[in-house]
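Inspection log for the structure reproduced underneath, given as C-alpha coordinates.
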Amino acid sequence: MMNLSMMQKVVATVDLEWKSPLAEKILESWGYDEGEVYYFRASANFLFVFKREGKHYFLRFSHSSEKNLALLEAEMEILEYLRKQPVRVALPVKSRNEQLIETVETELGTFYAVVFEALPGKQYETEELEPGQFFTWGSALGKLHEVFKSMPETYRLNRESWRDQLSNVQNLLPVEETAAFEELNQILNWAQSLEVTNDNFGLIHFDFELDNQRWEDDQIGILDFDDCVNHWYAADIAFALRDLFQNKVDLDNELVQEFISGYKSETELDLLLLQDLSWFRRMHNLVTFSRLLQAIDIPASDAHPEWLANLRVKLLNRMEQYRASFSLIG
(Lines give C-alpha, C1' and ligand atoms only; values in the text may rest on other atoms or scores of the structure.)
Protein backbone atom coordinates (compact mmCIF):
# COMPACT_ATOMS: atom_id res chain seq x y z
CA MET A 1 0.00 0.00 0.00
CA MET A 2 1.37 3.41 -1.00
CA ASN A 3 1.16 6.46 1.24
CA LEU A 4 -2.33 7.94 1.25
CA SER A 5 -0.89 11.43 0.79
CA MET A 6 0.63 10.42 -2.56
CA MET A 7 -2.52 8.56 -3.56
CA GLN A 8 -4.53 11.70 -2.87
CA LYS A 9 -2.28 13.85 -5.07
CA VAL A 10 -2.36 11.54 -8.08
CA VAL A 11 -6.05 10.64 -7.89
CA ALA A 12 -6.79 14.37 -7.77
CA THR A 13 -5.55 14.54 -11.37
CA VAL A 14 -8.28 12.07 -12.45
CA ASP A 15 -11.42 13.71 -13.84
CA LEU A 16 -15.02 12.51 -13.86
CA GLU A 17 -14.36 10.50 -17.02
CA TRP A 18 -11.46 8.65 -15.27
CA LYS A 19 -8.85 10.42 -17.39
CA SER A 20 -5.64 11.98 -16.06
CA PRO A 21 -3.20 14.36 -17.77
CA LEU A 22 -0.49 13.00 -15.45
CA ALA A 23 -0.94 9.45 -16.74
CA GLU A 24 -1.01 10.69 -20.33
CA LYS A 25 2.25 12.58 -19.77
CA ILE A 26 3.90 9.46 -18.36
CA LEU A 27 2.61 7.39 -21.30
CA GLU A 28 4.23 9.65 -23.88
CA SER A 29 7.27 7.37 -23.69
CA TRP A 30 5.17 4.48 -25.05
CA GLY A 31 2.43 6.18 -27.04
CA TYR A 32 -1.32 5.64 -26.76
CA ASP A 33 -4.56 6.06 -28.67
CA GLU A 34 -5.99 9.51 -28.03
CA GLY A 35 -8.74 9.53 -25.40
CA GLU A 36 -8.14 5.87 -24.44
CA VAL A 37 -6.27 6.22 -21.12
CA TYR A 38 -8.35 5.52 -18.00
CA TYR A 39 -7.68 5.27 -14.28
CA PHE A 40 -8.02 1.68 -13.03
CA ARG A 41 -6.94 1.58 -9.37
CA ALA A 42 -4.34 2.57 -6.79
CA SER A 43 -2.86 0.30 -4.15
CA ALA A 44 0.87 -0.40 -4.00
CA ASN A 45 1.11 1.30 -7.43
CA PHE A 46 -1.04 3.45 -9.68
CA LEU A 47 -2.63 1.47 -12.49
CA PHE A 48 -4.17 2.85 -15.70
CA VAL A 49 -5.64 0.88 -18.59
CA PHE A 50 -5.09 2.19 -22.11
CA LYS A 51 -5.15 1.28 -25.78
CA ARG A 52 -2.39 1.59 -28.34
CA GLU A 53 -3.31 0.78 -31.93
CA GLY A 54 -6.52 -0.71 -30.54
CA LYS A 55 -4.77 -3.18 -28.23
CA HIS A 56 -5.17 -3.08 -24.44
CA TYR A 57 -2.25 -2.44 -22.09
CA PHE A 58 -1.72 -1.40 -18.48
CA LEU A 59 0.44 1.45 -17.23
CA ARG A 60 1.88 0.95 -13.73
CA PHE A 61 3.78 3.72 -12.00
CA SER A 62 4.98 4.71 -8.55
CA HIS A 63 6.64 7.72 -6.98
CA SER A 64 10.41 7.45 -6.61
CA SER A 65 10.11 8.15 -2.88
CA GLU A 66 8.16 4.91 -2.46
CA LYS A 67 9.89 2.51 -4.85
CA ASN A 68 13.43 1.17 -5.03
CA LEU A 69 14.66 1.36 -8.62
CA ALA A 70 17.04 -1.59 -8.17
CA LEU A 71 14.16 -3.80 -6.99
CA LEU A 72 12.09 -2.71 -9.99
CA GLU A 73 14.94 -3.47 -12.37
CA ALA A 74 15.29 -6.92 -10.80
CA GLU A 75 11.55 -7.52 -11.28
CA MET A 76 11.84 -6.68 -14.98
CA GLU A 77 14.82 -9.05 -15.36
CA ILE A 78 12.79 -11.86 -13.76
CA LEU A 79 9.84 -11.21 -16.08
CA GLU A 80 12.14 -11.23 -19.09
CA TYR A 81 13.42 -14.62 -17.92
CA LEU A 82 9.83 -15.87 -17.56
CA ARG A 83 9.08 -14.73 -21.12
CA LYS A 84 10.82 -17.87 -22.37
CA GLN A 85 9.44 -20.25 -19.74
CA PRO A 86 6.30 -22.45 -19.78
CA VAL A 87 4.26 -20.07 -17.63
CA ARG A 88 1.77 -17.40 -18.70
CA VAL A 89 2.54 -14.00 -17.18
CA ALA A 90 1.80 -10.35 -17.93
CA LEU A 91 4.95 -9.25 -19.76
CA PRO A 92 6.49 -5.78 -19.81
CA VAL A 93 6.56 -3.72 -22.98
CA LYS A 94 9.52 -1.61 -24.09
CA SER A 95 9.08 2.13 -24.53
CA ARG A 96 9.94 4.07 -27.65
CA ASN A 97 13.38 4.45 -26.10
CA GLU A 98 13.72 0.66 -25.92
CA GLN A 99 13.49 0.77 -22.13
CA LEU A 100 11.33 -1.40 -19.86
CA ILE A 101 11.40 1.27 -17.12
CA GLU A 102 11.02 4.98 -17.74
CA THR A 103 11.86 7.65 -15.17
CA VAL A 104 9.48 10.56 -15.70
CA GLU A 105 9.71 14.01 -14.13
CA THR A 106 6.34 15.65 -13.41
CA GLU A 107 4.86 18.48 -11.34
CA LEU A 108 4.22 15.88 -8.62
CA GLY A 109 7.81 14.65 -8.64
CA THR A 110 9.66 11.71 -10.19
CA PHE A 111 7.82 8.53 -11.12
CA TYR A 112 9.05 5.11 -12.24
CA ALA A 113 6.78 3.69 -14.93
CA VAL A 114 6.36 0.35 -16.70
CA VAL A 115 3.80 -0.92 -19.21
CA PHE A 116 2.40 -4.44 -19.35
CA GLU A 117 0.47 -6.40 -21.92
CA ALA A 118 -3.14 -6.98 -20.84
CA LEU A 119 -3.80 -10.66 -20.18
CA PRO A 120 -7.15 -11.95 -21.49
CA GLY A 121 -9.35 -14.01 -19.22
CA LYS A 122 -11.67 -13.93 -16.22
CA GLN A 123 -10.88 -12.88 -12.67
CA TYR A 124 -12.52 -15.07 -10.03
CA GLU A 125 -13.42 -14.62 -6.39
CA THR A 126 -12.58 -17.47 -4.01
CA GLU A 127 -16.23 -18.38 -3.43
CA GLU A 128 -16.79 -18.71 -7.21
CA LEU A 129 -14.29 -21.55 -7.67
CA GLU A 130 -15.29 -25.19 -7.96
CA PRO A 131 -13.11 -27.72 -6.09
CA GLY A 132 -11.42 -28.78 -9.33
CA GLN A 133 -10.41 -25.19 -9.98
CA PHE A 134 -8.50 -25.13 -6.70
CA PHE A 135 -6.42 -27.97 -8.19
CA THR A 136 -5.80 -25.80 -11.27
CA TRP A 137 -4.88 -22.83 -9.08
CA GLY A 138 -2.44 -24.90 -7.05
CA SER A 139 -0.87 -26.44 -10.16
CA ALA A 140 -0.26 -22.95 -11.58
CA LEU A 141 1.65 -21.99 -8.43
CA GLY A 142 3.55 -25.28 -8.48
CA LYS A 143 4.54 -24.74 -12.11
CA LEU A 144 5.77 -21.21 -11.31
CA HIS A 145 7.83 -22.48 -8.37
CA GLU A 146 9.29 -25.26 -10.52
CA VAL A 147 10.46 -22.61 -12.99
CA PHE A 148 11.90 -20.53 -10.16
CA LYS A 149 13.81 -23.55 -8.82
CA SER A 150 15.72 -23.87 -12.09
CA MET A 151 16.20 -20.12 -12.59
CA PRO A 152 19.83 -18.97 -12.22
CA GLU A 153 20.44 -17.53 -8.76
CA THR A 154 21.66 -14.21 -10.19
CA TYR A 155 18.06 -13.29 -11.05
CA ARG A 156 17.03 -13.16 -7.41
CA LEU A 157 20.10 -11.53 -5.87
CA ASN A 158 18.58 -8.03 -6.07
CA ARG A 159 15.19 -9.02 -4.66
CA GLU A 160 14.48 -8.74 -0.94
CA SER A 161 14.24 -11.70 1.42
CA TRP A 162 11.99 -12.47 4.38
CA ARG A 163 14.81 -11.14 6.57
CA ASP A 164 14.68 -7.80 4.77
CA GLN A 165 10.92 -7.70 5.23
CA LEU A 166 11.14 -8.30 8.98
CA SER A 167 13.98 -5.80 9.30
CA ASN A 168 11.70 -3.23 7.64
CA VAL A 169 8.95 -4.17 10.10
CA GLN A 170 11.29 -3.56 13.02
CA ASN A 171 12.27 -0.15 11.65
CA LEU A 172 8.67 0.91 11.01
CA LEU A 173 7.08 -0.17 14.30
CA PRO A 174 6.74 2.65 16.86
CA VAL A 175 7.72 1.73 20.43
CA GLU A 176 4.12 1.76 21.64
CA GLU A 177 3.20 -1.21 19.39
CA THR A 178 4.24 -3.67 22.07
CA ALA A 179 2.05 -6.56 20.90
CA ALA A 180 3.41 -6.21 17.36
CA PHE A 181 7.00 -6.25 18.68
CA GLU A 182 6.27 -9.42 20.64
CA GLU A 183 4.76 -10.96 17.52
CA LEU A 184 7.88 -9.95 15.57
CA ASN A 185 10.17 -11.61 18.12
CA GLN A 186 8.16 -14.84 18.06
CA ILE A 187 8.15 -14.94 14.25
CA LEU A 188 11.89 -14.25 14.06
CA ASN A 189 12.67 -17.06 16.49
CA TRP A 190 10.48 -19.45 14.52
CA ALA A 191 11.80 -18.46 11.07
CA GLN A 192 15.43 -18.71 12.13
CA SER A 193 14.81 -22.33 13.14
CA LEU A 194 13.60 -23.39 9.68
CA GLU A 195 15.76 -25.38 7.31
CA VAL A 196 16.72 -23.68 4.05
CA THR A 197 17.35 -25.88 1.00
CA ASN A 198 17.26 -25.45 -2.77
CA ASP A 199 14.03 -27.46 -2.80
CA ASN A 200 12.10 -25.52 -0.14
CA PHE A 201 13.42 -21.95 -0.49
CA GLY A 202 13.76 -19.51 -3.36
CA LEU A 203 11.88 -16.75 -5.17
CA ILE A 204 8.12 -16.65 -4.55
CA HIS A 205 5.34 -14.48 -5.95
CA PHE A 206 4.17 -13.36 -2.47
CA ASP A 207 0.66 -12.37 -3.60
CA PHE A 208 -0.72 -15.31 -5.61
CA GLU A 209 -4.31 -14.42 -4.76
CA LEU A 210 -7.03 -14.59 -7.40
CA ASP A 211 -7.04 -10.85 -8.06
CA ASN A 212 -3.56 -11.28 -9.55
CA GLN A 213 -4.67 -13.91 -12.05
CA ARG A 214 -6.64 -14.13 -15.27
CA TRP A 215 -8.22 -17.48 -16.19
CA GLU A 216 -8.79 -18.50 -19.80
CA ASP A 217 -9.90 -22.07 -20.58
CA ASP A 218 -8.40 -23.29 -17.29
CA GLN A 219 -5.09 -21.65 -18.17
CA ILE A 220 -3.99 -19.17 -15.53
CA GLY A 221 -2.18 -15.95 -16.42
CA ILE A 222 -0.21 -14.37 -13.58
CA LEU A 223 -0.04 -10.66 -12.82
CA ASP A 224 1.95 -8.41 -10.51
CA PHE A 225 5.39 -9.66 -9.51
CA ASP A 226 6.00 -6.37 -7.72
CA ASP A 227 6.37 -8.07 -4.31
CA CYS A 228 8.27 -11.20 -5.36
CA VAL A 229 10.70 -12.09 -2.59
CA ASN A 230 13.15 -14.77 -1.48
CA HIS A 231 11.21 -16.96 0.92
CA TRP A 232 10.09 -20.49 1.64
CA TYR A 233 7.91 -21.84 -1.17
CA ALA A 234 5.31 -22.99 1.35
CA ALA A 235 4.76 -19.34 2.28
CA ASP A 236 3.23 -18.71 -1.15
CA ILE A 237 0.62 -21.38 -0.41
CA ALA A 238 -0.25 -19.72 2.90
CA PHE A 239 -0.46 -16.28 1.29
CA ALA A 240 -2.51 -17.47 -1.71
CA LEU A 241 -5.10 -19.23 0.46
CA ARG A 242 -5.32 -16.63 3.20
CA ASP A 243 -9.00 -15.95 2.49
CA LEU A 244 -9.69 -19.58 3.43
CA PHE A 245 -7.55 -19.19 6.57
CA GLN A 246 -9.34 -16.21 8.11
CA ASN A 247 -10.12 -18.12 11.30
CA LYS A 248 -7.46 -20.86 11.31
CA VAL A 249 -5.39 -23.00 8.98
CA ASP A 250 -7.25 -26.22 8.23
CA LEU A 251 -5.17 -28.61 6.15
CA ASP A 252 -8.07 -31.08 6.03
CA ASN A 253 -10.27 -28.60 4.17
CA GLU A 254 -11.28 -30.13 0.83
CA LEU A 255 -10.40 -26.99 -1.09
CA VAL A 256 -6.98 -26.71 0.57
CA GLN A 257 -6.33 -30.37 -0.25
CA GLU A 258 -7.24 -29.78 -3.90
CA PHE A 259 -4.88 -26.80 -4.08
CA ILE A 260 -2.01 -28.77 -2.52
CA SER A 261 -2.65 -31.74 -4.81
CA GLY A 262 -2.47 -29.44 -7.82
CA TYR A 263 0.73 -27.90 -6.51
CA LYS A 264 2.36 -31.31 -5.94
CA SER A 265 1.45 -32.34 -9.49
CA GLU A 266 3.98 -29.78 -10.76
CA THR A 267 6.77 -29.66 -8.17
CA GLU A 268 8.04 -31.09 -4.90
CA LEU A 269 6.64 -29.76 -1.62
CA ASP A 270 8.28 -29.85 1.80
CA LEU A 271 5.42 -31.45 3.72
CA LEU A 272 6.93 -30.49 7.08
CA LEU A 273 6.53 -26.82 6.20
CA LEU A 274 2.82 -27.33 5.59
CA GLN A 275 2.49 -27.61 9.36
CA ASP A 276 3.82 -24.04 9.58
CA LEU A 277 1.30 -22.37 7.29
CA SER A 278 -0.21 -20.54 10.27
CA TRP A 279 3.23 -19.06 11.03
CA PHE A 280 3.65 -17.89 7.44
CA ARG A 281 0.20 -16.34 7.66
CA ARG A 282 1.20 -14.52 10.86
CA MET A 283 4.34 -13.23 9.15
CA HIS A 284 2.30 -11.90 6.23
CA ASN A 285 -0.12 -10.16 8.60
CA LEU A 286 2.73 -8.48 10.47
CA VAL A 287 4.39 -7.27 7.25
CA THR A 288 1.05 -5.92 6.02
CA PHE A 289 0.40 -4.21 9.37
CA SER A 290 3.73 -2.37 9.22
CA ARG A 291 3.06 -1.24 5.65
CA LEU A 292 -0.32 0.14 6.68
CA LEU A 293 1.32 2.02 9.54
CA GLN A 294 3.50 3.77 6.99
CA ALA A 295 0.74 4.28 4.43
CA ILE A 296 -1.75 6.07 6.69
CA ASP A 297 0.20 9.32 6.75
CA ILE A 298 -2.68 11.81 6.74
CA PRO A 299 -4.90 12.85 9.66
CA ALA A 300 -8.67 12.72 9.58
CA SER A 301 -10.20 15.77 7.92
CA ASP A 302 -13.59 16.90 6.69
CA ALA A 303 -11.76 18.27 3.64
CA HIS A 304 -10.86 14.79 2.37
CA PRO A 305 -12.86 13.49 -0.60
CA GLU A 306 -15.29 10.76 0.40
CA TRP A 307 -13.29 7.93 -1.23
CA LEU A 308 -10.17 8.90 0.72
CA ALA A 309 -11.95 9.29 4.03
CA ASN A 310 -13.61 5.88 3.59
CA LEU A 311 -10.35 4.22 2.58
CA ARG A 312 -8.54 5.69 5.57
CA VAL A 313 -11.20 4.34 7.96
CA LYS A 314 -11.12 0.94 6.24
CA LEU A 315 -7.35 0.67 6.63
CA LEU A 316 -7.46 1.81 10.26
CA ASN A 317 -10.05 -0.87 10.99
CA ARG A 318 -7.87 -3.48 9.35
CA MET A 319 -4.94 -2.38 11.48
CA GLU A 320 -7.05 -2.78 14.62
CA GLN A 321 -7.88 -6.33 13.56
CA TYR A 322 -4.19 -7.08 13.22
CA ARG A 323 -3.46 -5.53 16.62
CA ALA A 324 -6.16 -7.65 18.20
CA SER A 325 -4.71 -10.80 16.63
CA PHE A 326 -1.22 -9.96 17.93
CA SER A 327 -2.58 -9.50 21.45
CA LEU A 328 -4.48 -12.79 21.33
CA ILE A 329 -1.42 -14.68 20.14
CA GLY A 330 0.91 -13.02 22.61
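Relative to the present Cα-Cα distance, how much length would full extension add between I298 and V93 at 0.36 nm per residue of separation?
On the way: separation 205, 0.36 × 205 = 73.80 nm, distance 3.48 nm.
Taking 0.36 nm per residue and subtracting the Cα distance, the gain is 70.3 nm.
Residues with amide H under 5 Å of S161's amide H, sequence separation 5 or more or different chain, H placed in the peptide plane at 1.01 Å from N; which?
N230
Who wins for biggest fluctuation among S278, S43, S62 in a Gaussian network model of the chain, springs between alpha carbons below 10 Å?
Ranking S278, S43, S62 by mean-square fluctuation puts S43 first.
Only Lys, Arg, Asp and Glu count, each charged at its Cβ (+1, +1, -1, -1), so figure out the dipole size of region 225-330 about its Cα centre, rounded to 20 debye.
Numbers: 10 positive and 16 negative charges, 101 e Å.
In debye, rounded to 20, region 225-330 gives about 480.
If you take the charge dipole of region 189-259 about its Cα centre, with +1 on Lys and Arg Cβ and -1 on Asp and Glu Cβ, which of L255, F245, Q219 is farthest toward its positive end?
In region 189-259, that residue is F245.
Starting from the Kirkwood radius over alpha-carbon pairs of region 267-330, derive D by Stokes-Einstein at 4 °C in a medium of 1.567 mPa s and give it in µm² s⁻¹.
Here the translational diffusion coefficient equals 93 µm²/s.
Over the Cα atoms, compute the radius of gyration (one decimal) and Dmax (the largest Cα-Cα distance, rounded to a whole number) for region 1-152, in Å.
Cα radius of gyration and Dmax of region 1-152 are 17.0, 50 Å respectively.
Please calculate how many Å² of accessible area region 102-217 carries per residue, with a 1.4 Å probe and no DNA, RNA or ligand atoms counted. Present the calculation step by step, with values, prior to reporting the outcome.
On the way: 5470 Å² over 116 residues.
On a per-residue basis, 47 Å².
Looking at the chain only, what percent of DSSP beta bridges run antiparallel? Nearest 5 please. Present the calculation step by step, with values, prior to reporting the outcome.
Values: 34 of 37 bridges.
Restricted to the chain, the bridges split so that about 90 percent are antiparallel.
Only Lys, Arg, Asp and Glu count, each charged at its Cβ (+1, +1, -1, -1), so figure out the dipole size of the chain about its Cα centre, rounded to 20 debye. Can you show the working numbers first?
Working: 31 positive and 55 negative charges, 86 e Å.
With Lys and Arg at +1 and Asp and Glu at -1, about 420 debye.
Starting from the Cα of K9, step 7 Å along the direction of its Cβ; do the same at Q192; then give the gap between the two resulting points in nm.
About 3.9 nm, to one decimal.
Grab the alpha carbons of region 163-219, take their convex hull, and tell me the volume per residue in Å³.
Details: hull volume 7.6 nm³, N = 57.
Hull volume over Cα atoms, normalised by residue count, gives 134 Å³.
Probe radius 1.4 Å, ligands and nucleic acids left out: which of D211, D226 has the largest accessible area, and how do the rest follow?
If we order D211, D226 from most to least accessible, we get D211, D226.
Around L308, under 15 Å between beta carbons, what's the net of Lys plus Arg minus Asp minus Glu among the other residues? Working shown, then result.
Numbers: positive: K9, R41, R312, K314; negative: D297, D302, E306.
That works out to +1.
Which listed residue (N189, G109, M6) has the Cα farthest towards the positive end of the charge dipole for the chain, taking +1 on Lys and Arg C-beta and -1 on Asp and Glu C-beta about the Cα centre?
So the residue furthest toward the plus end is G109.
Calculate, for D199 and H56, the FRET efficiency according to 1/(1 + (r/R0)^6) with r their C-beta to C-beta distance and R0 30 Å; round to the nearest 0.05.
Efficiency at R0 = 30 Å is approximately 0.20.
Just to be sure I follow: if Rg is taken over the C-alpha atoms of region 152-280 and Rh is the Kirkwood radius over the same atoms, what is Rg/Rh?
Numbers: Rg = 15.7 Å, Rh = 16.2 Å.
Answer for region 152-280: 0.97.
Once you compute Rg and the Kirkwood Rh from C-alpha atoms, what is the Rg to Rh ratio for the chain?
Using only Cα positions, Rg/Rh for the chain is 0.95.
Can you compute the charge dipole magnitude of region 1-103 about its Cα centre, using +1 on each Lys and Arg Cβ and -1 on each Asp and Glu Cβ, nothing else charged? Give it in debye, rounded to the nearest 20.
Numbers: 14 positive and 15 negative charges, 59 e Å.
With Lys and Arg at +1 and Asp and Glu at -1, about 280 debye.
Which trypsin sites (Lys or Arg not before Pro) from region 241-278 combine a DSSP loop assignment with at most 15 other Cβ atoms within 10 Å?
Values: sites: R242, K248, K264; in loops: R242, K248.
Here the trypsin sites (Lys or Arg not before Pro) that fit, given the DSSP loop and packing criteria, are K248.
The values are calculated or read from the model by the stated rules, or taken from the named source; none is laboratory data. Quick caveat, the model's predicted, so the values are computed rather than measured. Ideal geometry is used to build each Cβ from the backbone, glycine not excepted, and the neighbour counts take in all protein chains shown. For the accessible areas, the whole protein counts, side chains as well, though only heavy atoms, and no ligand, DNA or RNA atoms are used. Shrake-Rupley method; radii C 1.70, N 1.55, O 1.52, S 1.80 Å.
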